[in-house]
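Input: a single structure, listed below in structure tokens.
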Amino acid sequence: MEELLNEVVPQEDLERFEKKFAHELELDGEVTIETKFEYAFCLVRSRYTNDIRKGIMILEELARVHPDGRRDYIYYLAFGNARIKNYSDGLKYCRAFLEIESNDQVRSLEEYIKKQSDKDMAKGMAVAGGAALVLGGILGLGIALAKNKQKRNN
Amino acid sequence: MSSTPYNYNYIFKYIIIGDMGVGKSCILHQFTEKKFMANCPHTIGVEFGTRIIEVDDKKIKLQIWDTAGQERFRAVTRSYYRGAAGALMVYDITRRSTYNHLSSWLTDTRNLTNPNTVIFLIGNKSDLESTREVTYEEAEEFAKENGLMFLEASAMTGQNVEEAFLETARRIYQNIQEGRLDLNASESGVQHRPSQPGRTSLTNEAPNNKDQCSC
Ligand SMILES: Nc1nc2c(ncn2[C@@H]2O[C@H](COP(=O)(O)OP(=O)(O)OP(=O)(O)O)[C@@H](O)[C@H]2O)c(=O)[nH]1
Ligand SMILES: [Mg+2]
């Protein structure tokens, strides 16, 4: 897991998808879901916190408007938050995911975040407090889905 | 994997590529855990696994990047090809379309890796003989034409899984021995760990522990 979180996007890839994003925006005044996702996928793997935050914003938007891709967005939302050490939000996204689908890939990310967050706690550091407001919408949806599923199973 | 510092001499980077559902993650899981996952969800982006193997009395740590085959990840997972010493290219013997797409996977691999990258073709799900759509012979011919190593394997039974990873490592090691790989170049996909366990009493040297940041 560590290796995945430490891997940094090659600069030229980030720039390529940034250009694609900007180009579509300029041409059509809007950007396709595909391009938004590709750009966000690069941003959350950047070495810079500001890039990661920007990636998180795009993924949050995608998770709202494009339910079909939601598992990808939620995973990378957890991933991006983990990379900027925003462990509480990272964990929330993992849990939202796992309520809908049992998944080892997400479970190992969750375990990793827990471990890191415990380490930080042990060091007497306050974990970024207060869940971001934006989380609410997506989590609400996730929980709603999970409830539906439970109903079906019962 | 708990381990004493540097209990290996080399690191080789591998990628696993191929259409979605051909069994890439199951192959990796079978190799690292010796278990089969019957209900494996689609990989999101990329997964990672490692295992230490032995070639010629040398311990080699394989770092394996298992990419998502879903189309929406195709463009972005190309990042992971760079610096791969080995590429396992997988198709499903029971789905001809996954075989037909091999030339496009091969083109990507050739374009994004270095000329010495060892490419190993795996025809997975060899346990499903009754629903086979691709013969062994035609795949073998394709491999020969393109200079690829080739085996049929089954992530379910484990047949030939180990062999594919090990054969690839042997070929990479051979390339090192014959001086075809520049170990100082990051795109070779190989790192040499100079300390040789057994010869010196190392131990104060920690493996690159990026995790130890004090923040
Ligand atoms: N019978 C049989 N089934 C297999 C074998 N390998 C994988 N499967 C099944 O095929 C399905 C897909 O396997 P995965 O390993 O998830 O495929 P993948 O290539 O990683 O797919 P993506 O992550 O979407 O790219 C799973 O349901 C596996 O159980 C095999 O050797 N034999
Ligand atoms: Mg997979």
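The values are calculated or read from the model by the stated rules, or taken from the named source; none is laboratory data. As the structure is a prediction and not an experimental result, all values here were calculated from the model. Cβ placement follows ideal geometry from the backbone for every residue including glycine, while neighbour counts extend to all protein chains displayed.
Please verify whether residue B:98 is more than 30 Å from residue A:2 (Cα to Cα), assigned to a helix (DSSP H, G or I) and either within 14 Å of chain A (Cβ to nearest Cβ) or within 16 Å of ligand 2 (Cβ to nearest atom) (or both), treating the condition exactly as stated. Criteria met by residue B:98. Does residue A:123 qualify as being of a type outside the set (A, V, I, L, M) and at pLDDT 90 or above? Considered against the rule, which asks whether it is of a type outside the set (A, V, I, L, M) and at pLDDT 90 or above, residue A:123 comes out as no. Applying the set (1) free of Cβ contacts under 8 Å to residues at least 12 places away in the same chain; (2) surrounded by 23 or more Cβ atoms within 10 Å (Cβ to Cβ) to residue B:74 leaves exactly one unmet item: (2).
Every residue, every condition in (1) out of contact with any Ser or Thr (no Cβ under 9 Å at 6 or more places or on another chain); (2) within 12 Å of ligand 2 (Cβ to nearest atom); (3) among the hydrophobic types (A, V, I, L, M, F, W, C), yes or no:
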site: B:18; (1), (2), (3): no, yes, no
site: B:23; (1), (2), (3): no, yes, no
site: B:32; (1), (2), (3): no, no, no
site: B:51; (1), (2), (3): no, no, no
site: B:55; (1), (2), (3): yes, no, yes
site: B:65; (1), (2), (3): no, yes, yes
site: B:92; (1), (2), (3): no, no, no
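Scan region B:115-135 and tell me whether some residue there is at pLDDT below 95 and more than 16 Å from ligand 1 (Cβ to nearest atom). For region B:115-135, residues at pLDDT below 95 and more than 16 Å from ligand 1 (Cβ to nearest atom): present. Restricting the first member to region B:24-37 and to residues that are within 14 Å of residue B:90 (Cα to Cα), and the second to residues that are aromatic (Phe, Trp, Tyr) and part of a helix (DSSP H, G or I), the beta-carbon pairs closer than 9 Å and six or more apart or on different chains are B:27/B:165.
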